Amino acid sequence: MTTYSTNEFRNGLKLMLDGDPCSIIDNEFVKPGKGQAFNRVKIRNLKTGRVLEKTYKSGESVEAADVVGIELQYLYNDGEMWYFMDTSSYEQVVADKTTMDDAGQWLTGEEVCEVTLWNGVPLSVLPPNFVELKITETDPGLKGDTATGGAKPATLETGVIVKVPLFVEQDEIIKVDTRTAQYVSRVKD
Amino acid sequence: MKENWRPSCTNETLKARADLFGQIRAFMAGNGVMEVDTPALSPYANTDPHIESVTASLRLPGANDKLSLYLHTSPEFAMKRLLANGSGSIYQICKVFRSEEFGNLHHFEFSMLEWYRTGFGQHELMDEIAVLLRRLQWPETERRSYRSGFEEYLGFNPHAAEPGRLSAKAEDLGFAGGPADESTLLDFLFNHSVAPNLGVYNPVFVYDYPACQAALARVREGDEGYPVAERFELFISGMEIANGFYELTDADEQRDRFKRENRLRQARGLTEMPIDETLLGALEHGLPDCAGVALGLDRLLMALTRASSINKVRP
């Protein structure tokens with residue numbers, strides 16, 4: 001079992017807490033002049049996303065969490081599971097719906113995603129920051145209306161719905177920021 | 001040329017620092033307290049299991065072996081020898097050194113004002129500190145017992161609490177340290193829930209600490225049937241600024257406390273520290289009745305200049 005001493009605490013360090021992998025997001029040294037020294041940490045549970053505040057006695061050892069982030073290529077999904085491949089080893093990694101969260105709605109195939117693995121099992125999947133997707137359904141465009149700033153819903157090829165400007169047409173390919181789910185631009189063929 | 005050669009403290013802060021030192025010296029002179037400067041290196045060290053000394057080594061002229069010494073963690077022991085020798089009330093401004101301490105409010109080397117008043121108890125010394133604070137920036141100070149702070153923010157009397165209650169409360173509040181002794185749990189609870197609320201408006205003195213946290217203070221039987229340590233601390237903006245004692249003068253009890261601390265060090269896998277026999281000798285001869293306080297000057301300056309980190313006030 002790998003352990004970390006509180007002396008090694010820094011932001012991003014992965015620890016086990018009550019059986020769950022967690023990541024340190026803030027670490028403060030606290031010590032009364034005549035008393036016990038503590039490390040007060042803010043820690044994010046990587047399974048639930050919840051942020052907790054915990055205090056350790058300085059000098060104590062805490063179990064490390066075997067958490068790594070790697071880039072994997074998305075292959076396909078069967079509605080239940082999502083399949084990824086490590087392009088260097090050709091090893092496959094499978095993520096379930098809960099792990100995918102909203103990531104799946106941006107993927108059509110071959111995208112390189114940032115996957116966080118805990119003991120080899122995916123904890124979370126981040127799609128690329130920008131994806132290019134085809135509009136499969138939207139109201140007819142208002143030609144030349146590039147100035148009013150109005151928006152309308154558009155369904156993309158993966159089924160996700162985003163707001164697009166009024167001048168954008170069905171069957172066009174658009175660039176979307178997956179972090180904000182916002183339209184960025186049209187993509188010219 | 002090294003890029004980051006500039007000191008972390010501005011010239012403005014440097015000036016505030018000089019003013020603070022000047023005001024303290026004038027204040028002490030006006031009260032008839034004499035300035036002293038005791039050695040920073042000693043063959044003896046602090047046995048407190050929560051304080052780690054910095055070691056230094058040197059060679060005497062012609063000697064084959066190096067001499068291993070400790071940098072003082074506070075000038076307390078040396079100053080008590082002066083008191084026992086009849087110096088009368090004294091103060092000192094000096095650098096002290098503590099290994100394993102570093103952070104926004106901590107540095108392994110910091111400036112301390114330590115002063116002793118013969119014939120004073122803890123409350124008389126708090127009175128005098130309040131006068132100094134009034135001259136500096138704070139017209140009013142408040143005073144409350146450790147127990148009242150604990151009761152207000154944690155809802156129970158720390159002196160009469162079952163150990164199970166302390167650990168259950170600590171766990172509720174995010175203490176992940178596993179089994180811990182009473183003093184560690186009190187440190188956690190007080191620092192987590194009480195200290196951040198202290199001194200938000202006026203500086204606050206907290207007095208009558210639990211007996212297990214007496215350090216070098218006298219312990220008296222409290223009125224309500226439990227012993228309390230005649231120890232106080234000063235808080236400004238939630239920050240611990242000073243720690244004072246109605247000083248223990250009993251040499252035998254002092255020796256017992258040193259030994260107990262060394263046993264605790266051994267149990268925790270820490271190095272035992274050489275007990276200061278010269279201090280015990282001074283106590284055996286007789287330390288006058290006195291109260292003493294150690295005040296962190298860098299933190300006081302942080303409070304005066306509203307600096308966010310100790311680094312910003314260090315020259």
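At-a-glance table
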read-out: Qualifying trypsin sites (Lys or Arg not before Pro) in region B:270-315, DSSP loop, other Cβ atoms within 10 Å at most 10; value: B:R306
read-out: Antiparallel %, DSSP beta bridges [both residues in chain B], to 5; value: 90
read-out: Peptide-level mean, for B:171-180, of C-beta atoms on other protein chains within 10 Å; value: 5
read-out: Shielding by partners - mean other protein chain Cβ count within 10 Å, residues of B:184-191; value: 4
read-out: Within the accessible area of chain B (1.4 Å probe), percent carbon and sulfur; value: 49
read-out: Inter-label distance, nm, simple model (7 Å from Cα along the C-beta direction), A:E157/B:A160; value: 7.5
read-out: Chain A: most fluctuating residue of A:G149, A:G49, A:G33 per GNM, C-alpha cutoff 10 Å; value: A:G33
read-out: Net charge over other residues, Cβ less than 14 angstrom from the Cβ of B:D48 (K, R count +1; D, E count -1); value: +2
read-out: For chain A, built as a Gaussian network whose Cα springs stay under 10 Å, the top-fluctuating residue of A:V41, A:V160, A:V30; value: A:V30
read-out: Mean separation of Cα contacts under 8 Å, 6 or more apart, over the residue count of region B:228-303: relative contact order %; value: 41
read-out: Average beta-carbon neighbours from other chains, 10 Å sphere, peptide A:34-44; value: 6
read-out: Region B:252-314 and region A:12-46: distance between their alpha carbon centers, rounded to Å; value: 27
read-out: Packing rank of B:194-204, B:60-70, B:132-142, where each peptide gets the mean count of other beta carbons within 10 Å, highest leading; value: B:194-204, B:132-142, B:60-70
read-out: Coil-residue chymotrypsin sites (Phe, Trp or Tyr not before Pro) of region A:52-102, DSSP, other Cβ within 10 Å capped at 16; value: A:Y90
read-out: 222 nm mean residue ellipticity, helices alone, for chain B (DSSP H n ≥ 4; -39,500 (n - 2.57); rounded to 500); value: -10500 deg cm²/dmol
read-out: Centre separation in Å (Cα based) which lies between region A:61-130 and region B:49-127; value: 57
read-out: 10 Å Cβ shell holding at most 16 others, DSSP loop, trypsin sites (Lys or Arg not before Pro): longest site-free stretch of chain A; value: A:51-142
read-out: Burial ranking of peptide ranges B:49-58, B:182-191 (average Cβ count within 10 Å, highest at the top); value: B:182-191, B:49-58
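The values are calculated or read from the model by the stated rules, or taken from the named source; none is laboratory data. Predicted model, so just to flag it, every value in this text is computed and none were measured. Here the Cβ is made from the backbone with ideal geometry for all residues, glycine too, and neighbour counts use every protein chain on show. The accessibility values were calculated without ligands, DNA or RNA, using every heavy atom of the protein model including side chains. Shrake-Rupley method; radii C 1.70, N 1.55, O 1.52, S 1.80 Å.
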